[in-house]
Amino acid sequence: MVNYRLKAQLLEVVDNQLSANDPKCTKRTLTRLLDIGYTRQEAKEMIASVLVEEIFDVTNNKKSYNEKRYCKKLEKLPEYVESEDLVTEENVSSPVINEQKIGRNDPCPCGSGKKYKKCCG
């Protein structure tokens, strides 16, 4: 499932970083990825994926924005994105359904005829 609005917003942030040349590592990374053979769109999407991870760290893990950390991750592209375990429909696990538990006053499943709490519980 792709959220196209969110993707467009993230790509716009990458475009803003490139046009303002802030941080400078964004433009260096784009140039490097283009030289390797990635299309401009693919390169910007990889940069956006690192940006999402940085945003997540800032918001959920209560970390402050760290430009050095962000640039280090950008320097590792494309290997960084390709090595990540991306969520796909194949590797999404189904919810765990707990089986009904044995109550303390239920008959014991061992077949003794006693209450569970007096037998195996």
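The values are calculated or read from the model by the stated rules, or taken from the named source; none is laboratory data. Please read these numbers as outputs of a predicted model, since none were measured by experiment. Reconstructed Cβ throughout: ideal geometry from the backbone, glycine too, with neighbour counts over all protein chains shown. Ligands, DNA and RNA are stripped out before the accessible areas are found, and what is left, the full protein with its side chains, is counted by its heavy atoms. Shrake-Rupley method; radii C 1.70, N 1.55, O 1.52, S 1.80 Å.
Taking (1) surrounded by fewer than 13 Cβ atoms within 10 Å (Cβ to Cβ); (2) touching a Cys at 6+ places or on another chain (Cβ under 9 Å) in turn, N66 satisfies each apart from (2). When K44, K27 are screened for being modelled with pLDDT of 95 or more and open to solvent by less than 60 Å² (accessible area, probe 1.4 Å), only K44 passes.
One residue alone among Y38, Y4 is within 19 Å of the chain's Cα centre (by Cα), among the hydroxyl-bearing types (S, T, Y) and more than 18 Å from K68 (Cα to Cα), and that residue is Y4. When the stretch 1-54 is filtered for residues that are among the polar types (S, T, N, Q), more than 14 Å from L74 (Cα to Cα) and part of a helix (DSSP H, G or I), the ones remaining, listed by number, are Q9, N16, S19, Q41. Condition check for E82 on (1) at pLDDT 80 or above; (2) in a helix (DSSP H, G or I): one failure, at (1).
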